[in-house]
Each structure stands twice: as structure tokens, then as C-alpha cells.
1. Only one of A:E161, A:E186 is assigned to a helix (DSSP H, G or I) and at pLDDT below 85. Can you tell me which?
2. Scan the range A:144-172 residue by residue and report those that are of a type outside the set (A, V, I, L, M) and more than 10 Å from chain B (Cβ to nearest Cβ).
3. State all residues of the range A:33-91 that are within 7 Å of chain B (Cβ to nearest Cβ), assigned to a loop (DSSP other than H, G, I, E, B) and in contact (Cβ under 8 Å) with a residue 40 or more places away in the chain; if no residue qualifies, say none.
4. Which of the helices (runs of 4 or more DSSP H) found entirely inside the range B:17-79 contain at least 3 residues meeting this: more than 7 Å from chain A (Cβ to nearest Cβ), more than 25 Å from A:I174 (Cα to Cα) and at pLDDT below 90?
5. Which count do you get for residues in the range A:147-189 that are in contact (Cβ under 8 Å) with a residue 60 or more places away in the chain and hydroxyl-bearing (S, T, Y)?
6. If we keep just the residues of the range A:1-45 that are of a type in the set (G, A, S) and out of contact with any helix residue (DSSP H, G or I) (no Cβ under 6 Å at 6 or more places or on another chain), which is modelled with the highest pLDDT?
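The values are calculated or read from the model by the stated rules, or taken from the named source; none is laboratory data. What you are looking at is a predicted structure, and each value in this text was computed from that prediction instead of being measured. Here Cβ is always computed from backbone atoms with ideal geometry, including for glycine, and neighbour counts include all displayed protein chains.
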Amino acid sequence: MFFTIVYHLDLKSTYKEVELVGLLKQKDHHGFIYLYDRCAPAIYTSVLQIIKQEETSQQVVQDVFIKVWLTIDNYDPARERLFTWILQIAREAAFDKMSSGNDRQFPTAVSTAEDGISDLVTRSAIDNYGLKNLILELNEEQKVLIELCYYKGLTNAEIAEKLGIPSETVKTKIKIALCKLRNSLELKK
Amino acid sequence: MNIQEYIESGIIESCVLGLATRAEQQQLESMCLEYPEINNAKKAFELALENQLMKDVVTPPAGLKEKVFLSLNMHGVDKSYSYKKENSYNAPVQRMYIWKWVAVASILLLLGSIYLTYSIRDEYQKLQTATNQSGDPLNDSTYFDAIMVLKPIVEKPSVKWSTMVEPTDSAHCMAHVYWDTLSTDTYLLIGNIPKPVSDKQFQLWEISGNRSVDLGVFDVSKEGKLVQMRNVNNAKDFVITIEPRGGSATPTLKTRYAIGKL
């Protein structure tokens, strides 16, 4: 099997985004191996932060990369960066997995409106990575909101119901939290 | 329109992180086309986010890469490799007269591909007719080219899929099951499954609680091929068991060969 043999090679080449997209759209194996090596750790981390269960997260990452391979023709570089596209596929796949079967039972950082804020004080090891690391810089209310919308996939209306505040207020507060996240990212440049 | 206010409204971050509504995303897309400052702000946030997410990571287990690429082999990538376009995006342009031949070749390829598409469709319809006439469409499993058929299936928003793994070793991927929530069509993509002894056959089941639905038997002579199984109205967990040739009425759960959840 060609793929099985090739992926063991340590490919040192680097590609610009436009080159990589070109390779992927041609179904080039080296391009795909490069993509996996570059993106899989960040995608795995993001999925793990949603699902909080290693084995299921691995299955999701596997499904994500298969979907990327099969649907790369749908990717439009003019709309978003390749990583942004893959990250959105990964989040959708993670929520699909969470909403099916026993995976609903995974431990959650926020379980109810009442204990939501206090639960967030308990940090797990994976909170030290990626976006989670930045969220720790938000105030407690903002942490809860981002946790619920980004890591639990709840809509504004669902969050409003959970927290007992108007949907429009949720929307506004989330946007303020997101701006703060952007400022943190800029500071970290 | 205050561009700076729009940039600082949080809409860009909301869209990039996948939190925005479709309408908000469409609005941002048109704003990006109209205002370069907004487009630049969006690009800057995407890049900063990407850098942040790639900087601090949990390294996935080494076996995951192997699993991904084994699955890709199952999805027929070896075949797609030969479909690689000759005039790739960075292919050097040579002399002009070559393009005449390229144009002729392209037309011939186009005609060939149209013929091939109709031939395959015709073959598939013949297979469907033949299997429908036989009474049980699964006695003679309908195999068709994975790449040709799988792509449009996977792209449907209504299709969910499940990775079938060994019950005792979740690292060993055996197959994938695709289930269309609207049409209830069920497909099985056969992976690296060894052949059972001649009087035995694999059987796919959908199991919810105490209820099991027989989705049909299948042979494993064609790895990397897609088999259309029986439809099932509701699907949650799938199981592949080894049964006497021809299949059983109820699953022999002692011989569970692979399991998967939607």
C-alpha cells in the first residue's frame, strides 16, 4: 500500500499554503502527509478539549482527515485558511460524536448553570494548550460563555436558557469575550 | 459604515471560530470582498489563531497516524493517485504546439470520461436490476468503485459514519459504516478484514438496546470496496459478527468481530 509505505518517510519539505492546497486538490500523497504532520497535533488537541476522552478523540481525528481527503475539492481558499476549514470540520465531528450514544456521558467542565462557574476553576492538563490557555485570561462569566458556545457547541438560545439571561445579552457578552481573546492573541504575537 | 467598529464587534472571531450563524458568515464574506481592511483583519485573526493552536499541543499517539493512513488506503487513495491531473498547477509550460495536443487529449479524455460515467451508471443499474430480481439484494453483494461512489455519499450532510474497530483493540480499524439519516441507506466500506473459513460469513447488524437489525452478510474478497447493505430506519451502534454462511436471524455476539458507534 503506497500510503503506508510513504508516510513513514520523514518529509522535511515545507510548503506555502497555496502550494499545499494545490497538492491536496491533486490528491497528492506527500501533500497529505505534510498536512497531517502539520495539523494533526492541533486538531487532536482541539478535539480532545471538546470530548475529553483520548480514544474517542482519536477516532474523531481519523474521521476528520478522511473527510478532508474526500472533500478537499469543496475547500475554497478565498473564503478561509485551510486550517480554519479543517478546524471547523473537526468541531462539527466532535459535537456529532458527543451527541451520539454514550459519548454524552463524558465529563464536562460545565454541567449546570448553577455550578458552571465553580467547575471552571478546576483546571485539567489540557487547559494549558491552544485556545483554552487564552480563555483562562477571561473573567469567570466570559469563561463560562466561551466554554458553553465553543467547547459545548450550544447556541445562544440554549445558553440563554441555561444561564437564565436574554439571548441577545448572551450574544453581546460572547462577542465582547471574543474581542478580548483576539487582543490576547495579538499580545502573544 | 464604520469599518473599525465592525472589525471590533467580535463578528470576525465568531465566524472564524464557527460560532456565527450562516447569515452572519455570508455578511462577513461580502464585507471582506467590499472592504480590504475587514478582509485583512479576518486573515490576521485566522493566522494568529492558527499559530496559537499549533504552538501548544498535545501530541497525538504515534499509532493515530498509521490508523489515518490505513483508513485512507481503504478509501481507495491508491486508485485516486492514478487520476492525478497531468497538467498540475506547477507543471512547466512548454512550447505552444503542445497545447494543441493537450487540447485534443483533453477532449478525448472528456469524451472518455463521459462514456465511462455512463458505462458505470449503466453497469450499476444492471447490477441493481439483477440483484432486485434475485429477491435478496445482498446474496450477491453489490460492489462498486469506492472512490466513484463514496465521495458524494460522504458529502451529504445527512450521512453519518462509524469507524468499526476490534472490540478488544480499538486501534485496529476494520471497516467504516455510512448511514444516511434521510434515505436510511447503509453502506459498508470493507477494510483490512481477513477471510473467515469457507462455511462462515461476516454479517452486519445494527444494535440498539436488546433490538438487533440484520443488515446483511458480506464477503471480504474485495478490500477497499463499498457494499450497499440493507436499510435501517434508526441507527446507533453497529456490530459485525461471524455467522454460518448465508447469515443468522440473530447475531452471535460471542463472535463479535468489529464494533462501531455513530
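1. Numbers: A:E161 fails: at pLDDT below 85.
Every option except A:E186 fails the conditions.
2. The initial filter retains those residues of the range A:144-172 that are of a type outside the set (A, V, I, L, M), namely A:147, A:149-153, A:155-156, A:158, A:161-162, A:164, A:166-169, A:171-172.
Those that are of a type outside the set (A, V, I, L, M) and more than 10 Å from chain B (Cβ to nearest Cβ): A:E147, A:Y151, A:K152, A:E158, A:E161, A:K162, A:G164, A:P166, A:S167, A:E168, A:T169.
3. Residue satisfying the conditions is A:R81 alone.
4. On the way: elements: B:22-34, B:36-55, B:62-74.
Those helices (runs of 4 or more DSSP H) span B:62-74.
5. Summing the residues that are in contact (Cβ under 8 Å) with a residue 60 or more places away in the chain and hydroxyl-bearing (S, T, Y) in the range A:147-189 gives 1.
6. Our first condition is that a residue be of a type in the set (G, A, S); within the range A:1-45, this holds for A:13, A:22, A:31, A:40, A:42.
With out of contact with any helix residue (DSSP H, G or I) (no Cβ under 6 Å at 6 or more places or on another chain) added as a condition, the list becomes A:13, A:22, A:40.
Numbers: A:S13: 60, A:G22: 92, A:A40: 95.
That would be A:A40.
Residue-by-condition table, conditions (1) modelled with pLDDT under 85; (2) polar (S, T, N, Q); (3) buried (at least 18 other Cβ atoms within 10 Å of the Cβ); (4) in contact with a Ser or Thr (Cβ under 9 Å, 6 or more places away or on another chain):
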| residue | (1), (2), (3), (4) |
| --- | --- |
| A:M98 | no, no, yes, yes |
| A:D119 | yes, no, no, yes |
| A:R123 | yes, no, no, no |
| A:Y129 | yes, no, yes, yes |
| A:E137 | no, no, no, yes |
| A:K143 | no, no, yes, no |
| A:N156 | no, yes, yes, yes |
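Rundown of residues vs (1) on the phi < 0 side of the Ramachandran plot; (2) within 12 Å of chain A (Cβ to nearest Cβ); (3) modelled with pLDDT of 85 or more, yes/no style:
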| position | (1), (2), (3) |
| --- | --- |
| B:T168 | yes, no, no |
| B:W179 | yes, yes, yes |
| B:P194 | yes, no, no |
| B:G209 | no, yes, no |
| B:Y257 | yes, no, no |
